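Each reported figure results from applying straightforward, stated rules to the coordinates on display, with no laboratory input. As the structure is a prediction and not an experimental result, all values here were calculated from the model. Cβ: placed from backbone, ideal geometry, glycine included. Neighbour counts: every protein chain shown.
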Amino acid sequence: MRGGRLPYLATLVAATFLMGSSFVAGKILLIHGVPAILLVGWRFLLAAVATLPLLALSDGGLWQNLFPKGLGARRWALAALIGVLQTALTMGLLFLAMEHVSASTAAILLFTNPVWVALLGRVFLGEPLHGVRVVGLVLGLCGAALAIGVSGMGGGDDALIGALIGLGSALAWATSTIVNKRSNLPMPAWSLSFWQMFSGSVALLLFAALRGQEWPPGTTPVQWLWFLWLAIPGSTASFGLWFIALRKGGATRSSGYLFLAPLFATLVSWAVLDTGIGWLQGLGGVLVGTGLWLVNRELPARSDAERFREALAEGRP
């Protein structure tokens with residue numbers, strides 16, 4: 001890492017900034033009447049399509065990367081399940097939450113994910129949970145409780161429901177991570193990312209169609225630009241930069257910086273939407289960030305391939 005520390009940190013900051021900005025872009029479109037489920041569906045369908053050039057430029061070419069040989073029906077079903085959990089359920093719940101709470105609150109709650117992964121990993125995978133990881137878990141849970149409590153006090157039952165939905169999105173993400181770890185699918189990282197986004201977006205768009213959701217007429221050019229920002233820089237580009245950071249610094253080291261994403265979401269929300277943040281909510285965010293950093297400090301040793309695959313699930317906004 002010597003000599004490469006500055007580019008590594010710059011990559012981390014850029015990736016987490018784009019992650020954080022996606023919350024604000026999504027909030028703006030929700031404010032202007034775009035249905036949450038429909039918005040997330042189109043977002044990740046476009047983001048999935050944007051990964052195709054990356055797959056085409058990878059070793060083996062587009063077709064071989066998209067359809068690895070010897071997977072079998074069971075593994076394809078697992079890939080689709082991960083997509084439904086990670087893209088459809090996690091992001092669908094997140095955007096439903098943002099119909100009721102601020103972008104910064106939603107970001108704080110979503111990024112409690114590694115805390116839940118640590119807890120579920122202990123139950124279902126037998127991964128150790130001791131030392132500073134226990135402290136991190138407690139801090140993360142306290143921070144989430146504080147963020148939920150502040151949301152409820154500030155906006156009544158509606159805001160409290162939104163905060164609980166946001167917490168549900170983090171739990172769905174954690175569940176997806178556990179399924180991803182246990183399945184250990186032999187797919188290239190970008191191929192798995194494509195199928196996760198594609199299968200999840202198809203499920204969301206089908207659900208939106210059944211609900212009769214339609215894109216609101218009269219969408220302005222500025223709003224279309226926010227949508228493009230959400231789908232390309234806020235999704236595909238943030239993932240790509242995150243994967244570059246993982247290769248430079250590893251999953252354990254890099255995941256400790258994920259707390260920057262809700263921080264950037266709060267700052268961008270303040271600059272663009274003129275929304276403030278109370279000191280109690282800020283304290284909750286600090287506790288979540290500290291807990292996230294501590295939980296990721298003592299991840300059990302894994303091979304580079306296993307860390308990269310795990311971080312694909314744990315590091316996606």
Partner lysines whose C-alpha sits under 30 Å from that of LYS181, ignoring same-chain residues fewer than 8 away, are LYS69, LYS248
Of 43-55, 98-110, ordering from highest average Cβ density within 10 Å down gives 98-110, 43-55
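Could the peptides 181-189, 112-120 be put in order, highest first, of the mean number of other beta-carbon atoms found within 10 Å of their residues?
Output ranking for 181-189, 112-120: 112-120, 181-189.
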From the Cα centre of the range 7-58 to that of the range 220-248, the distance in Å is 4
Sorted on mean Cβ neighbours within 10 Å (highest first), peptides 203-210, 214-221, 62-69, 22-29 come out as 22-29, 203-210, 62-69, 214-221
Once phi for every residue in the range 14-31 is put through the Karplus expression 6.51 cos²θ - 1.76 cosθ + 1.60 (θ = phi - 60°), the whole-Hz ³J(HN,Hα) values, with Gly and Pro written as x, are 5, 5, 6, 5, 5, 4, x, 5, 5, 5, 5, 4, x, 4, 4, 5, 5, 4
